[in-house]
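First comes the structure, then the notes that go with it.
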Amino acid sequence: MMISHQADTQAHLSAEADDRQTPVSSAAADLEGLNVFARLGRFPIGDDVFGVARELRCLYSDKNSPSPTEKAALGKNAQHTPLRETKLVSRRTFSEALQRRYQEKANDEAVSGLHRTAPAASAKHLMSTGQWIVAIAILASLLVGLAIAPIAALITLNAAATLYLVGAILFRLYLAWSVVDHKLDGDAPAIPADADLPTVTILLPLYRETRSLPILADSISALDYPKEKLDIKLILEADDRGTLKEAERLGLDQQFDFIIVPPGAPQTKPKACNYALAFSRGALTVIYDAEDTPEPDQLKKAAAAFASGPEDMVCVQARLNYYNADENWLTRLFALEYALWFDSLLPALHKMDAPIPLGGTSNIFITEKLRELGGWDPYNVTEDADLGLRIARRGFRTGLIDSTTLEEANCKTPNWLRQRSRWMKGYIQTWFVNMREPSAMSGKGGLGGFLSTHMFIGGTVFSALINPILWAVFAYWLATRSEGVNALFPEPLMTLNLFALLFGNALFIYLAMLAPLKRGWPALSPAALLAPIYWWLTSIAAYKAVWQLITRPWFWEKTRHGVSAASDAKRRAAIARVRAANGVIKSDAA
Amino acid sequence: MTLVDGLSWLNAHEHILGSVRLAGGVYLLAYGLFVLAQDASPRAFVRSGLSIAAACVAAPIGPFIAVATITSLTALSWRGGFRNLQGRFVVLWTPALFLFIAEIYLRWLFQTDAFFLHALNASRTTSDIPPIIFAAAAPLAMAPLLEKEGLRRIDITATALVMGGAAAFYALWAPASVIILVMTSIALARAVTSSAPFTIASLTLLCGAGTAYLTTATEMAL
């Protein structure tokens, strides 16, 4: 099939033009369209775009005119800068030259930057020496206890687990109650005029996502934000030729910068994002995943939130949910889980100033602060939650915006288990990292912040691990009425266990049932009755996560996207729109 | 023979009539499910609701009815009609379902008839009242939504009358329940037409608990 590029205003920078060796004249006209492309915040060259040009011996130009301020800066520099040897090239060629020049340094920073500057914040080593000592001491005490007084030791274990469960139940009840009046479309700050909007870098980390790419590109094109203020980075791994080819086929190099992450361990999304961050030029930085469809005005709402928010707010999180929520029982339960988390529990955590464990996408950062924080931990497979907690630990704040990004819910159980086991593994990493300095865990949220971090990071994994054990004991007791089991449940403990069994399970199901009503999705509510099956799947994922943490701690279990029926329909429509928008048409001869 | 005498006679021969009533209840329930499986139109929804309500009257098996009703509504939702309505219906029923499950488990665990919902065990009558009240209140409460979905007002009224009549029939054994029925209907109507999910939840829980408590108190007083 022959594919041709339609002529557009960048025809003078077409592929043929890239190869020409014509030196750029120093005429002001040639500089008029210069894009300030190389604002590398963390490299020595800083803002000196002509310094970059001299080093790379090329410049990038497009139809977008620089702002008056930039024009003045460029004019001033042009008078002193010899550009005679510099070629005028396409955006992609310039980007490639830039990446070649700084690849080694950017990669080193992406992989080792956080561990070098703040080793305690990195999950490169799961446990610190102090944590090993505490863990061994607890294990030794338990073994001694089991040897000397086994019943008492088991009652102690039972009591610890029960107290945790009862605490989690009451805490969730409190959180849900605290946002009874919270509305999803509350008062939003005024959106600034286009001229006042900041430049935004959009990071799109992809790996083997040929199926999702058209939908993502279409969604990004639909964003209601001045195009000249978007710096869109399509981040691809070096061995992922398929997605690169698909991006070229869709003509995305007209609109996006292709960032190719060098090969090497760890091959994770956070490393890819760190690498791309080095080449980012936006005042704000946002991440979208491969299957994302953000609401068009999301970036404007984020800009408005930063403009009117407190000084210490360095990140805002949009809500997430699913466009294929109704596909099958698994997607319904997944959607209920997200509705409860993003529409009820996160606002409650925000209200009590607790640390916000970020979702993996649709979080918008102040770029400068993100760099100060050390970016994402490349060794943590839930780098999002970890970064959210690091933000709080460093005394900053995360805000929430009333905007939703719709994603593709996992509709196949094995795929869901892969994704969930990665999350569980990451939660364990994040909990250990944060427990190195427990006193800083609460952020500005005091005791509530401290508790929430335990409940939602460590507690999520703990609950998933402990649930099958408790159910197995319960089933065994129902079948045998064993006196041995009775001995483990003395009277006060029995009451608490009954509370957890009857009230706790009912509460968790009922909260999930109520969650979609806020979105006006009551049709999803009945699915909450199947939540216990979902909890069993979560437990399977948790045990898999523990095993993988031992055997492959940094392995990024890939979630396959673009597999749902809903995504097929979206994909077909998106391909046509994206190719048309980028001037790619099918040849009649094809 | 007065009506009260007749009812007393029926009550006294519960052990004989119980199996007949149970069979009738199961048949009506099956009929309701069959209707839902064949047709997801608004009229089928009403017919099914009536059958299920009649099943509640026929068989003193409240928990079973609660589970079966939710199952039937979920089955209907899979057919793609009235899913938002059924979602709300399930939300309304679920607290009652949980109460029944907890009650059954705790009575079995402690081998006792007296527990926090011991009204359920006080007599056949009170064991049926909570599910009946929910069944009767639901069409009234959901009337605006049902109408919006294209249901005729006469169908809704008929449904409410039959369900309300069924509940009132049972309330003969516990007159205070008539008041509770009215209060519950009003509360649920306000709750369902509200957009706040926690209002629905809290009012539903309140109504369930209040009904259980007051019917117990009435039963004991009588």
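A few remarks follow.
- Sole residue being more than 28 Å from residue A:565 (Cβ to Cβ) and open to solvent by 10 Å² or more (accessible area, probe 1.4 Å), chosen from A:222, A:278, A:283, A:272: A:283
- Here residue A:172 passes the criteria (1) under 19 Å from residue A:453 (Cα atoms); (2) in a loop (DSSP other than H, G, I, E, B) except the one numbered (2).
- Of the listed requirements (1) away from chain B (no Cβ under 14 Å); (2) open to solvent by 50 Å² or more (accessible area, probe 1.4 Å); (3) of a type in the set (D, E, K, R), residue A:557 misses just one: (2).
- Flag for residue A:530 being open to solvent by 50 Å² or more (accessible area, probe 1.4 Å) and within 14 Å of another protein chain (Cβ to nearest Cβ): yes
Rundown of residues vs (1) within 14 Å of chain B (Cβ to nearest Cβ); (2) open to solvent by 40 Å² or more (accessible area, probe 1.4 Å), yes/no style:
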| position | (1), (2) |
| --- | --- |
| A:482 | no, no |
| A:490 | no, yes |
| A:499 | yes, yes |
| A:507 | yes, no |
| A:511 | yes, no |
| A:537 | no, no |
| A:544 | no, yes |
| A:552 | no, yes |
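- Candidates A:216, A:165 - the one that is open to solvent by less than 10 Å² (accessible area, probe 1.4 Å) and away from chain B (no Cβ under 14 Å): A:216
- Of all residues in region A:506-526, those satisfying the criterion of being out of contact with any Asp or Glu (no Cβ under 9 Å at 6 or more places or on another chain) and either in a helix (DSSP H, G or I) or β-branched (Val, Ile, Thr) (or both) are A:506, A:507, A:508, A:509, A:510, A:511, A:513, A:514, A:517, A:522, A:525, A:526.
- Looking only at residues in region A:301-332 that are part of a helix (DSSP H, G or I) and open to solvent by less than 10 Å² (accessible area, probe 1.4 Å), the one that is farthest from residue A:400 (Cα to Cα) is A:330.
- Residue pairs whose Cβ atoms lie under 9 Å apart, separated by 6 or more positions or on different chains, with the first residue in region A:349-378 and closer than 23 Å to residue A:451 by Cα and among the basic types (Lys, Arg) and the second modelled with pLDDT under 95 and crowded, with 21+ Cβ neighbours inside 10 Å, are A:351/A:175.
- Tallying residues that are within 14 Å of chain B (Cβ to nearest Cβ) and over 26 Å from the mean Cα position of the chain (by Cα) within region A:170-210 yields 6.
- Complete set of residues in region A:383-397 that are closer than 18 Å to residue A:277 by Cβ and either open to solvent by less than 10 Å² (accessible area, probe 1.4 Å) or of a type in the set (A, V, I, L, M) (or both): A:383, A:386, A:387, A:388, A:390, A:391
- Hey, residue A:106 touching a helix residue (DSSP H, G or I) at 6+ places or on another chain (Cβ under 6 Å), at pLDDT 85 or above and in a helix (DSSP H, G or I) or not: yes
- Residue check for residue A:339: assigned to a helix (DSSP H, G or I), in contact with a Lys or Arg (Cβ under 7 Å, 6 or more places away or on another chain) and among the aliphatic types (A, V, I, L, M): yes
- Of all residues in region A:406-419, those being in contact (Cβ under 8 Å) with a residue 24 or more places away in the chain and surrounded by fewer than 24 Cβ atoms within 10 Å (Cβ to Cβ) number 9.
- Residue that is least open to solvent (accessible area, probe 1.4 Å), among those in region A:175-195 that are in a helix (DSSP H, G or I) and without any contact (Cβ under 8 Å) to a residue 12 or more places away in the chain: A:195
- Selection status of residue A:235, open to solvent by less than 10 Å² (accessible area, probe 1.4 Å), within 20 Å of the chain's Cα centre (by Cα), modelled with pLDDT of 90 or more and aliphatic (A, V, I, L, M): yes
The values are calculated or read from the model by the stated rules, or taken from the named source; none is laboratory data. Everything numeric in this text was worked out from a predicted model, so none of it was measured. Cβ: placed from backbone, ideal geometry, glycine included. Neighbour counts: every protein chain shown. Protein only, heavy atoms only, side chains kept; ligands, DNA and RNA dropped before computing areas. Shrake-Rupley method; radii C 1.70, N 1.55, O 1.52, S 1.80 Å.
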